[in-house]
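Undergrad: Handing you a structure now.
The values are calculated or read from the model by the stated rules, or taken from the named source; none is laboratory data. Source: prediction; values computed, not measured. Cβ placement follows ideal geometry from the backbone for every residue including glycine, while neighbour counts extend to all protein chains displayed. Side chains included, ligands, DNA and RNA excluded: accessible areas come from the protein's heavy atoms. Shrake-Rupley method; radii C 1.70, N 1.55, O 1.52, S 1.80 Å.
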Amino acid sequence: MATESEPGRRRRCCTQDALDVPKAPECQGDSDAPRRGSLCDHRCAAINNVQGDLGCHQHHPRVHAAVSPLPCCQQHSEEVCESCVVKTTLTAENVVEANKLSNNYKFGFKKWKSHVTARPWEDRSEIVKELYSDLNVIRGSGGSTVTCGNVLYLLLFGWWLSLLYVLVAAVMFVTVVGAPYGRLCWDLAGYFLWPFGKVIQKVEAPKSHRALGACEAGAEASGAGESSALLGGPVPRRWRLRCWEDEGYWQHASTVAWLCLGYPALALAHGLVCVTAWLLVFLIPVAKLSARTAARVLLLPPEQVHVRRLKMTEVPLDAEVILCCYRAINPYYYKYAVDGINVFAVNLLPLVLVTLVLGYVDSHNHLTSSPVKFTLALLSIMPLSYYIGMAIASISAQSNFAVGAVVNATFGSITELTFYITALIKGSREGNRCYAEIVKSALTGTLVGCVLFVPGLCMVIGGIRHQEQRFNSRSAGVSSALLFLSVGGVFAPTLFSKVYGKLVCGECHNVTQNPLGHYLCHNCHLDLMENNGTLYYSHVQPLVYTVSLLLPAAYLIGLFFTLKTHSHIYDIHISDCHMPGHHHSAVVHWSRWRALVILLLSTLCMSACADLATEHISPILTNSTISQYFIGVTVLAMVPELPEIVNGIQFALQNNLSLSIEIGNCIAVQVCMLQIPILVLFTIFYPTNFTLVFSDLHVYASMFSVVLMNYIFMDGKCDYFQGTVLVMVYFILLAVYFFAPSPSGC
């Protein structure tokens with residue numbers, strides 16, 4: 001987002017992702033200069049490469065979701081042309097991406113970093129293109145192949161794969177007819193021991209001749225025809241098939257022996273390597289290596305497979321390259337995506353299936369224990385939260401404002417509400433008030449974590465790359481005002497009960513043996529049900545219902561203020577600037593119907609996982625020595641928010657701290673103004689033990705967090721030190737919750 005600056009101050013206005021986009025030249029301009037509708041051609045070419053949430057950032061008043069190409073001026077001087085002072089701050093490849101970027105800056109809409117459309121391949125960086133390569137590109141000079149990652153491959157996979165190939169080669173030699181495949185396995189044993197800097201090529205097989213007298217001559221002629229700079233000489237004699245009167249029979253028998261005795265074991269081994277390397281993400285090159293070997297190399301005739309080591313300056317050109325790998329680990333594979341889905345979300349999806357099967361099939365805990373099932377259910381919430389977030393962003397980007405607002409309001413908090421409601425239902429059925437206290441702890445933990453931990457962590461990580469980060473203090477001020485209002489409203493019934501409630505203690509002891517001395521009391525709580533609940537039903541409960549009506553109303557007023565009457569405070573404009581020869585038609589990853597189906601299925605699975613989590617949390621609450629407060633404010637509160645935390649970190653790394661802050665503020669506001677009123681409304685139709693009266697620890701922690709956040713965000717700029725302060729305060733509060741006694745009655 002644009003940052004506030006003094007009039008006349010010239011500043012850098014182009015940002016980029018150093019890993020995924022080409023370097024864009026800097027453009028400068030006067031923040032008070034008049035708007036213009038043109039760009040320099042050489043600037044347009046650079047700006048267009050800055051995809052998604054990257055681009056030229058300026059300070060301008062309106063948010064426009066629609067995009068239209070801007071004509072470029074014909075100035076090509078080294079000086080900065082006046083048209084660089086444009087009304088655009090963000091560039092988008094197409095209308096769908098423009099809508100998604102615009103939605104990111106709308107209050108109440110889910111902020112989403114990943115693209116919802118396929119990015120033009122020509123605009124991707126070489127690093128990203130390498131991630132999607134088929135490991136068949138030969139470099140002129142690959143450098144040393146002795147790296148830590150390659151040595152790790154040798155220790156994890158290389159030695160036993162090589163040994164397996166040696167054993168299979170011995171078996172094939174024993175069969176006699178499988179000798180050609182035995183020789184192939186012997187060559188591949190050396191390759192898979194250390195495949196780096198080596199190449200597997202497909203060469204033309206020697207022509208067969210039925211006449212025994214012409215066999216050797218024909219083979220030599222064929223070998224001479226294959227001699228080239230690529231192969232460095234004729235085909236080795238060991239690859240030549242023996243010439244018998246019925247050679248076709250021997251070829252057929254060799255293939256049958258290979259498919260029955262050799263290939264299955266090797267395919268199984270490569271499948272195991274492929275799955276393991278894929279799950280480790282950064283070893284995906286090894287997964288590709290194994291998959292291509294099992295699907296291509298091992299199914300070729302042995303005389304067509306040639307393994308050789310490349311020289312430093314050798315670049316073969318004459319034969320098809322099947323495999324060529326230089327390193328086993330690529331640290332940039334965290335950016336890898338499958339159909340627009342991040343690889344980590346793809347890898348965690350099978351965990352959801354395992355959780356559901358174990359949870360509902362093994363209901364009597366014969367296979368696994370309750371803590372294991374609870375952990376699996378909680379971890380399954382993370383990928384489901386990701387799929388729900390991407391589905392919401394996809395639907396909103398492809399729909400009008402009304403549909404996007406309805407989808408965000410309906411499903412924006414579905415992850416947390418699903419868990420809270422299932423926990424309250426279980427607590428009501430068992431008559432256990434601990435579940436209501438866990439829900440209150442989770443609500444408080446989400447509020448405190450999103451106010452302190454999320455923006456603080458983003459400031460620290462973003463501050464490592466950027467010395468000082470600026471953000472829109474006016475938009476942050478709106479969220480801060482709503483947070484003050486929401487915290488005051490949520491804790492108003494608690495403060496009311498503190499003033500008028502009666503303190504009741506379970507057991508008291510006179511520590512001084514003096515009737516007028518000091519008493520030590522245990523299990524004390526405020527009794528709101530004195531005189532048949534007159535205080536609660538006549539005073540506290542009406543106050544709770546009043547607050548639950550006023551908070552959503554205030555949320556709607558905030559939406560109307562930020563999206564309609566005062567939308568200019570966000571200073572965002574979305575523009576599309578075309579490069580010559582580029583086509584920017586939107587190719588969406590998920591269509592609206594597909595996104596809707598995924599959204600509904602993810603919500604259904606989320607409900608099942610939340611049910612399993614609440615079903616198997618009882619042993620943890622009863623047998624654990626850790627305070628239930630701590631479990632609620634950490635695990636149950638922050639695990640569902642991990643996808644949002646990742647989005648905030650990505651925005652901060654791109655020097656877009658405004659969105660990082662808005663992610664935390666938006667979640668915190670929704671907790672107080674939407675989730676809590678919905679839970680109160682739910683208790684009207686389904687009576688539970690949930691009351692809007694929190695413990696003193698929750699009240700003090702929440703109010704202190706909101707005050708500290710507003711103090712930090714006062715000047716519209718921050719650095720890693722201020723982020724460290726927020727994170728440290730959050731950890732101090734966690735320590736308080738860790739050593740706090742469990743709620744009374746639990």
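Undergrad: List, in order, the whole-Hz ³J(HN,Hα) value for each residue of the stretch 293-302 obtained from phi through the Karplus relation with A = 6.51, B = -1.76, C = 1.60 and θ = phi - 60°; use x for Gly and Pro.
TA: Using θ = phi - 60°, the values come out as 5, 5, 8, 10, 5, 6, 9, 7, x, x Hz.
Undergrad: Shifting gears a bit: Over all directions, average the projected area of the Cα convex hull of the stretch 692-746 and note it in nm².
TA: With the hull built on Cα positions only, its mean projection is 4.7 nm².
Undergrad: Now for a separate question. If packing is taken as the average count of other Cβ atoms within 10 Å, what order do 687-696, 263-272 fall into, highest mean first? Don't skip to the answer; put the middle values down first.
TA: Numbers: 687-696: 18.7, 263-272: 16.4.
By packing density, highest mean first, the sequence is 687-696, 263-272.
Undergrad: How high is the FRET efficiency between Leu543 and Ile678 when r is their beta carbon distance and R₀ equals 22 Å, given to the nearest 0.05? Don't skip to the answer; put the middle values down first.
TA: Working: r = 18 Å, r/R0 = 0.81.
It comes to 0.80.
Undergrad: Follow-up question, since we're still on this one. With θ taken as phi - 60° and the coefficients 6.51, -1.76 and 1.60, list the Karplus ³J(HN,Hα) couplings across the stretch 391-397 in order, rounded to whole Hz; mark glycine and proline as x.
TA: 5, 4, 5, 5, 5, 5, 5
Undergrad: I would also like to ask the following. Pairs to check: Lys440/Lys717; Lys113/Lys373; Lys110/Lys288; Lys106/Lys717; Lys110/Lys498. Give those whose C-alpha atoms are more than 29 Å from each other in this structure. Display every interim value, and only then the final one.
TA: Numbers: Lys440/Lys717 33 Å; Lys113/Lys373 31 Å; Lys110/Lys288 35 Å; Lys106/Lys717 21 Å; Lys110/Lys498 36 Å.
Over 29 Å Cα-Cα: Lys440/Lys717; Lys113/Lys373; Lys110/Lys288; Lys110/Lys498.
Undergrad: Let me ask something additional. Near the amide H of Cys325, under 5 Å away, which other amide H atoms are found, from residues 5 or more places off or on another chain, if H is placed in the peptide plane?
TA: Here Gly197, Lys198 satisfy the definition.
Undergrad: For the stretch 578-704, with every protein chain kept in place, what is the accessible area per residue (1.4 Å probe, Å²)?
TA: Values: 4870 Å² over 127 residues.
Heavy-atom SASA per residue in the stretch 578-704 reads 38 Å².
Undergrad: If you don't mind, another one. At 7 Å along the Cα-to-beta-carbon direction for both Thr565 and Asn347, put a label point, then send me their distance in nm to one decimal.
TA: 5.0
Undergrad: Shifting gears a bit: Using a 1.4 angstrom probe on heavy atoms only, work out the carbon and sulfur share of the accessible area of the stretch 607-741 in %. Each step should come with its number before you reach the end.
TA: Values: 3610 of 5000 Å².
Heavy-atom surface of the stretch 607-741 belonging to carbon and sulfur, 1.4 Å probe: 72 percent.
Undergrad: Using the 2.2 N^0.38 Å rule of thumb for compact globular proteins, work out how the stretch 590-746 stacks up: its C-alpha Rg over that value, please.
TA: Working: Rg = 18.4 Å, N = 157, 2.2 N^0.38 = 15.0 Å.
Normalised Rg, Cα atoms only: 1.22.
Undergrad: Starting at the first residue of the stretch 639-648, write each ³J(HN,Hα) from the Karplus equation 6.51 cos²θ - 1.76 cosθ + 1.60 with θ = phi - 60°, in whole Hz, x for Gly and Pro.
TA: 4, x, 9, 4, x, 5, 5, 4, 4, x
Undergrad: Continuing with the same structure: Roughly how many Å² is the accessible area per residue of the stretch 299-415, as a whole number, for a 1.4 Å probe? Spell out each step's value before the answer.
TA: Numbers: 5040 Å² over 117 residues.
Accessible surface, normalised per residue, equals 43 Å².
Undergrad: In addition: Report, to the nearest whole %, how much of the accessible area of the stretch 418-493 belongs to carbon and sulfur atoms, 1.4 Å probe, protein only. Don't jump to the answer; show the numbers that get you there.
TA: On the way: 1230 of 2200 Å².
Within the stretch 418-493, the accessible surface is 56 percent carbon and sulfur.
Undergrad: Rounded to the nearest Å, what's the spacing between the alpha carbon centres of the stretch 340-366 and the stretch 647-717? Just the number, please.
TA: After rounding, the separation between the Cα centres reads 29 Å.
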